[in-house]
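Taking it in order: structure first as structure tokens, then the write-up.
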Amino acid sequence: PDNPAIASIFSGVTNIMIQDDNGGFFVPSFSIDTIGDVDIVEGYKIDYWDSETINLSVPGLPTYSHTEITINGNNSMNYFPYLSQDPMDIDEAFEEIVDDILIVQSDMSGYYVPIYNINSIYTLLPGESYYFTSNISDPIKFRLPRPATPRQMSEETLEEKLAAMVSQNYHPIETGNSFPILIEGLEDISVGDEIVAYSNGITVGATRIANPNDPILVVVWKAIQDEYRILPGFTDGEELDLRLWDQDRQVEISLTGDMVSHPYGEIELLSGEMTLGSVVTPLQYRLCEAFPNPFNPTTNIAYELPENGMVNIVVYDMIGREVTQLVNSVEDAGYHSVIWDASKVASGTYLVNMHSGTSKQTQKIMLVK
């Protein structure tokens, strides 16, 4: 930048906190600036808690993509800046140092763990910074290959690979701070089954199994509790409850193994073998949040039953008129879902009411056409 001062680059922007990997911070609302000038060989992590997008225009010269970057060893924190002006396949970018990589993480919960053949980043993008941890003690002096080459994977292929891992039954809040769990050796699973992680009964991570023969990457989300935001998730050192969702049987099955009792979040990467346990029965009646919501024209409504019994799920409009009856039958205890196709209904807000046993629960959903 013509003016490298971070206060100049982010002039007029509030509700922001910027951190480098040397312990520097820039928090303008508290008049904190221990970063000073930005350095092109440094990456920066930005937390921004307004709802509106910021568009910054920073005058200066393009960065020389072949600039040498130092990556610290001993599992230390590194924000790796991708300096090229063109996208590059991540395998190609790190080909010379692949044996020295423990983990690379993007800010969109993508992970690259070459020792386990895990890659949900695929392509390094201009302007992005990546969280990089090496598995050696000495610093790595590194330059991107020259010249940069276009991405080797098409947008369609990349989207298909990522979509295959998206959970269809669980929808944790993605807080922006994630932690990777790698499950190995899990047998008797199928494509479409899912791994879900709970923290005190709250879903904090879920992934759909795309290839049962590969290690399974489960991204779990950390809680954020500060003066700006309170977002649900797990806290470092907490024990998580890991389960398998069996799509054919429509049940949750407990997972057992060393990782169950391991303090999560206290190391860079948690991995290990797990085995299937017993079927888990819900502890209480629950009408889960519809997904998607808002929706057009279909939404999935999941519900949980602690015991066998009659279940009635009805959709009403906002003045109390019945729109449709989704469920009216005796159901077994366990995990269930129903899809509402609202293609013949007008846009608007509706109420979903579930009555089972002594439990009555209601939620609002919005149809937007």
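The values are calculated or read from the model by the stated rules, or taken from the named source; none is laboratory data. A quick note: this is a predicted structure, and the numbers were derived from the prediction, not measured. Using ideal geometry, Cβ is built from the backbone for each residue, glycine included, and neighbour counts are taken over all protein chains shown. Ligands, DNA and RNA are excluded from the accessible area calculation, which covers all protein heavy atoms including side chains. Shrake-Rupley method; radii C 1.70, N 1.55, O 1.52, S 1.80 Å.
Below are the figures for this structure:
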| item | result |
| --- | --- |
| Members of region 94-116 found to be buried (at least 19 other Cβ atoms within 10 Å of the Cβ) and in a strand (DSSP E or B), listed by number | I101, I103, V104, Q105, Y111, Y112, V113 |
| Extreme residue, nearest to G60 (Cα to Cα), among residues of region 25-46 that are surrounded by 18 or more Cβ atoms within 10 Å (Cβ to Cβ) and more than 27 Å from the chain's Cα centre (by Cα) | V38 |
| Hey, L269 closer than 30 Å to L102 by Cβ, touching a residue at least 24 places away in the same chain (Cβ under 8 Å) and crowded, with 18+ Cβ neighbours inside 10 Å or not | yes |
| Unique match (being among the aliphatic types (A, V, I, L, M), modelled with pLDDT of 90 or more and touching an Asp or Glu at 6+ places or on another chain (Cβ under 7 Å)) among L276, L255 | L276 |
| Filter result (closer than 23 Å to I71 by Cα, part of a loop (DSSP other than H, G, I, E, B) and hydrophobic (A, V, I, L, M, F, W, C)) within region 1-28 | none |
| Search result, residues across region 211-228 that are open to solvent by 50 Å² or more (accessible area, probe 1.4 Å) and either over 30 Å from E160 (Cβ atoms) or within 17 Å of the chain's Cα centre (by Cα) (or both) | Q225, D226, E227, Y228 |
| From the options V330, V311, V345, residue that is surrounded by 12 or more Cβ atoms within 10 Å (Cβ to Cβ), out of contact with any helix residue (DSSP H, G or I) (no Cβ under 8 Å at 6 or more places or on another chain) and in a strand (DSSP E or B) | V311 |
| Selection from region 331-350 of residues that are within 12 Å of E307 (Cα to Cα) and small (G, A, S) | A333, G334 |
| Selection count where residues are assigned to a strand (DSSP E or B), polar (S, T, N, Q) and closer than 21 Å to H336 by Cβ, scope region 269-289 | 1 |
| Region 49-62, residues that are within 15 Å of I9 (Cα to Cα) and of a type in the set (S, T, Y) | S57 |
